[in-house]
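Heads up, the thing below is written out as structure tokens.
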Amino acid sequence: MTLGDVVQIFNSGILQVLALSAPVLIVSIVVGLVISILQATTSIQDQTLSFVPKIAAIMAVLIIFGPWMFTVLRNFTVQLFQRLPDMVR
């Protein structure tokens with residue numbers, strides 16, 4: 001296994017992490033932004049008000065995208081295990 005192979009594995013791992021975390025992060029940012037705008041327009045300055053909708057939105061995203069995330073992670077892990085004999089040499 002060469003240094004290029006190691007870099008490629010790390011690169012694909014980082015891309016997988018970004019792809020898997022993107023839906024949750026995007027929804028969290030959008031919900032937080034909407035709640036912040038609503039808090040600013042209604043002058044409600046309660047800091048705990050944003051947690052419940054964010055948690056509910058994140059749970060919904062995990063329910064919707066969970067099977068896809070698991071499939072992508074499983075496929076990546078299978079690819080790593082299939083490359084394991086080449087890594088030993």
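Per-residue packing, averaged as other Cβ atoms within 10 Å, sorts the ranges 45-56, 65-76 into the order 65-76, 45-56, beginning with the highest. Helical content alone sets the calculated 222 nm signal of the chain at -32500 deg cm²/dmol, taking -39,500 (n - 2.57) per DSSP H segment of four or more residues and averaging over every residue.
Given their separation in residues at 0.36 nm each and the Cα-Cα distance between them, MET87 and ILE29 gain 16.9 nm when the chain is fully extended.
The phi torsions of the range 51-66, fed into the Karplus equation with coefficients 6.51, -1.76 and 1.60 and a -60° offset, translate into couplings of 5, 5, x, 5, 5, 5, 5, 5, 4, 5, 5, 5, 5, 6, 8, x Hz, rounded to whole numbers, with Gly and Pro shown as x. Using a simple spin-label model with pseudo-atoms 7 Å out from Cα toward Cβ, LEU80 and VAL52 lie 3.9 nm apart.
Please find the FRET efficiency linking PHE10 to ILE37, where r is the Cβ-Cβ separation and R0 is fixed at 41 Å, and quote it to the nearest 0.05.
Taking R0 as 41 Å, the efficiency between PHE10 and ILE37 is 0.60.
Across the range 6-40, the residues whose backbone nitrogen lies under 11 Å from the label position 7 Å along the beta-carbon direction of ILE64 are 23-24, 27-28. A viscosity of 0.890 mPa s and a temperature of 25 °C, combined with the Kirkwood radius over Cα pairs in Stokes-Einstein, give a translational diffusion coefficient for the chain of 155 µm²/s.
Read-outs: derived from the displayed coordinates by stated rules, not from any lab. Because the structure is a prediction, the values reported are computed rather than measured. Heads up, the Cβs are rebuilt from the backbone with ideal geometry, glycines too, and the neighbour counts pull from every protein chain shown.
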